[in-house]
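The values are calculated or read from the model by the stated rules, or taken from the named source; none is laboratory data. These numbers come from a predicted model, not from an experiment. All Cβ positions, glycine included, derive from the backbone under ideal geometry; neighbour counts span all protein chains shown. These area figures cover heavy atoms from the full protein model, side chains too; ligands, DNA and RNA do not enter into them. Shrake-Rupley method; radii C 1.70, N 1.55, O 1.52, S 1.80 Å.
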Amino acid sequence: MVRRRSLAFVGVAALVPLVASAVSAQAASGSLAVTTLGRHGARVSSTVTVVAVPSGQTYRVPSGKRISLPAGRYLAMTDIWEHGTEGLGTDTVGAQVVQVSGSSSVTLDARKGKAVKVSLDTPADVTGPPRISAQVCATTVSNTPSAFSSGGWNYQGSLYAIPNSSKLLQFGYLAQWSGNDSYVAVKNTTGIPATPGGSFKRSGLATMRFSVRSGTQMARENDTALQAMPNTDNCTSDLMAEVRDDSAPYSATVHVTPGTWQPRDDLVASNGESVGVGFPKVRTLKAGQSFTQSFGRAAWSPLHYLPMVEEKSVMFLPDGLIGDPDVGVYGADPTKETVVLSKGGATVKKQTLTNWGTGDAEFSAGIHSVGWYDLSVDAHRYRPGITFPAGMLSSRATLDWHFKADPGKAMVAPVFMTRFLPTGLNSHNQAAADSTTTVDVRAGRGSQGPDVKFTAVTAESVRVWSSADGGKTWKAATVRHSGSAWQAAVHNPVSGAVALRSEVTDAAGDRSVETVYRAYAIG
């Protein structure tokens with residue numbers, strides 16, 4: 001078993017504290033040395049986080065090394081990790097409040113640590129102890145204790161915390177039991193309690209179900225997880241429970257203490273390279289409530305940016321052009337696209353762009369007269385250095401917009417993006433051969449920023465076509481208007497994949513045509 005010395009998180013909010021350079025001896029009026037002792041009383045090498053109160057100035061220093069500091073009050077925090085047999089060992093998290101004046105010293109002694117004990121009425125399929133991630137945090141600056149923390153993880157029976165009642169400290173942990181389902185409990189306290197831990201009941205938990213499909217993503221290895229995201233930042237913020245790390249498709253269920261949680265999906269390509277992290281909408285769950293988070297449902301399509309007219313130019317950000325609608329813009333893959341602006345059949349500007357390795361790709365073309373313009377975007381997934389899975393779905397998307405623009409009036413173009421959601425597909429995003437698939441179609445617009453005029457536009461007409469030969473020929477689908485959406489009945493071929501195309505028009509003549517190639521497969 002490989003053990004880590006401390007908690008390492010990659011999440012929405014970074015938990016790694018800023019490392020300040022040591023204060024020069026001339027500017028300092030004191031010094032501090034922190035000694036760390038193991039559970040048998042011997043010195044153990046640790047990395048100590050020292051946080052100034054109340055400024056939050058943070059230093060990281062090896063235990064036993066004296067650091068020059070301005071006189072004042074500090075928090076010294078660490079995880080004392082000790083090797084054990086066969087890679088196993090113990091973790092003891094602790095902190096001390098110390099007044100630095102002159103040559104000061106403090107000792108963090110793991111022998112004073114109390115076992116973190118967490119209980120749950122687990123079902124019979126849970127046979128092992130919980131895995132516990134714990135940390136101690138400084139509550140000194142801007143009510144963001146998770147930004148100033150030190151911690152580690154271990155299994156119950158090998159994780160300890162040194163009690164400390166100071167209100168300058170918080171203690172947080174995440175405990176996870178694993179069986180057919182996972183069970184996760186988080187708890188935060190002011191100070192480090194004399195008996196760290198807690199007792200939980202399954203009847204008081206909420207449920208998050210993960211449904212991970214295959215075919216759409218550029219990697220088949222999906223590491224799904226949940227991160228704690230309390231409304232008010234505390235010492236549990238971003239503590240993470242791994243749900244399942246496996247090849248798609250799969251499903252997994254995790255039962256959690258009520259609160260706010262961030263689902264996530266880390267993708268790994270066949271060569272072992274990370275190819276993205278998906279962060280869907282944060283979910284607040286109550287006891288007894290259940291929610292299903294999907295990843296990889298067909299079809300992936302453009303997600304966000306519409307053309308804008310600003311500074312006598314037509315502008316477009318080619319970002320989020322092929323992405324997971326269940327995740328949003330944080331679930332989009334990098335693309336390479338050709339963007340063309342034309343007027344009356346004459347090309348105004350043509351440009352090839354990519355957002356791979358940069359966030360600065362932007363199309364901008366000057367216009368000089370009022371008139372009807374056409375902006376076309378042809379986007380392909382693009383990721384140098386990796387091999388895309390054979391038969392990957394939603395590999396290409398095109399947009400063709402026709403709208404009236406005035407170079408003297410800033411606005412978001414009155415056009416749409418379409419979301420296709422084929423229903424009844426299996427976990428591989430396949431429909432049955434020679435069947436009919438109902439495709440939910442939504443024509444959407446989203447505000448692009450505060451600096452340009454955004455007007456409400458009503459879709460007057462929605463038409464849908466399908467293609468079974470990669471876009472060489474198209475067949476019109478029967479479309480039924482249902483509430484704020486449309487439903488298209490698409491007849492499927494006997495094999496291969498289906499491309500989908502929509503045309504959305506408004507009363508003024510603005511037109512939006514969107515095509516997703518290989519939207520779903522036949523199997």
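Over the range 390-523, with every protein chain in place, what whole percent of the accessible area is carbon and sulfur at 1.4 Å, could you tell me?
48 percent
Give me the 1.4 Å probe accessible area per residue for the chain, excluding ligands and nucleic acids, in Å².
Per-residue accessible area for the chain comes out at 43 Å².
Quick one: what does P(r) look like for the range 282-391 with 10 Å bins over all Cα pairs, in whole %?
It works out to 13, 36, 27, 16, 7, 2, 0, in whole percents.
Given points 7 Å out from each Cα along the Cα-Cβ axis, report the Val329 to Thr423 separation in nanometres with one decimal.
Placing both labels 7 Å beyond Cα along the Cβ direction yields 3.0 nm.
Beyond a 18 Å Cα-Cα separation, which of these cross-linked pairs lie in this structure: Lys312/Lys409; Lys65/Lys167; Lys336/Lys409; Lys312/Lys453; Lys201/Lys286?
In this structure, Lys65/Lys167; Lys336/Lys409 lie more than 18 Å apart at Cα.
How large is the translational diffusion coefficient of the range 175-259 in µm² per second when you combine the Kirkwood radius over alpha carbon pairs with Stokes-Einstein at 37 °C and 0.692 mPa s?
227 µm²/s
Can you give the extra length, in nm with one decimal, that the chain gains between Ala346 and Ala287 once fully stretched, where that is 0.36 nm per residue apart less the Cα-Cα distance?
Separation in residues times 0.36 nm, less the Cα-Cα distance, equals 15.2 nm.
Sorted by packing (mean other beta-carbon atoms within 10 Å per residue), highest first, where do 262-271, 121-130 land?
262-271, 121-130
Could you run the Debye sum over the Cα atoms of the range 208-345, one equal point scatterer each and no solvent, and tell me log10 of I(q)/I(0) at q = 0.12, 0.14 Å⁻¹, two decimals?
The Cα Debye sum returns log10 ratios of -0.57, -0.72.
Sketch the reach of a paramagnetic label on Leu88 as a point 7 Å from Cα along Cα-to-Cβ, and name the residues of the range 107-136 whose backbone nitrogen lies under 13 Å away.
128-130
The chain: D in µm²/s via Stokes-Einstein (Kirkwood Rh, Cα pairs, 37 °C, 0.692 mPa s)?
Calculated translational D: 126 µm²/s.
Run the numbers on the chain and let me know its relative contact order in percent, using alpha-carbon pairs under 8 Å that are six or more apart.
10 percent
What translational diffusion coefficient, to the nearest whole µm²/s, does the range 121-230 have by Stokes-Einstein, given a Kirkwood radius computed over alpha-carbon pairs, a temperature of 20 °C and 1.002 mPa s viscosity?
133 µm²/s
Rg (Å, one decimal) plus Dmax (Å, integer) for the alpha carbons of the range 371-430?
Every Cα atom of the range 371-430 included, Rg and Dmax give 17.3, 50 Å.
Treat each spin label as a single point 7 Å out from the Cα along the C-beta direction, and report the Asp121 to Tyr382 distance in nm.
About 5.8 nm, to one decimal.
Rounded to the nearest Å, what's the spacing between the alpha carbon centres of the range 348-411 and the range 244-267? Just the number, please.
So the two Cα centres are separated by 33 Å.
If I model a spin label at Ser251 and Thr35 as a point 7 Å from the Cα along the Cα→Cβ vector, what separation in nanometres do I get?
According to this spin-label approximation, the distance is 5.8 nm.
Taking every pair of alpha-carbon atoms in the range 36-125, what share in percent sits in each 5 Å bin, from 0 to the bin with the longest distance?
Final binned percentages: 3, 12, 21, 20, 14, 12, 7, 5, 3, 2, 1, 0.
What's the center-to-center distance, using Cα atoms, between the range 454-485 and the range 60-95 in Å?
So the two Cα centres are separated by 61 Å.
Per the Kirkwood treatment, what hydrodynamic radius in Å, one decimal, follows for the range 54-186 from the mean inverse distance over all distinct Cα pairs?
16.3 Å is the Kirkwood radius here.
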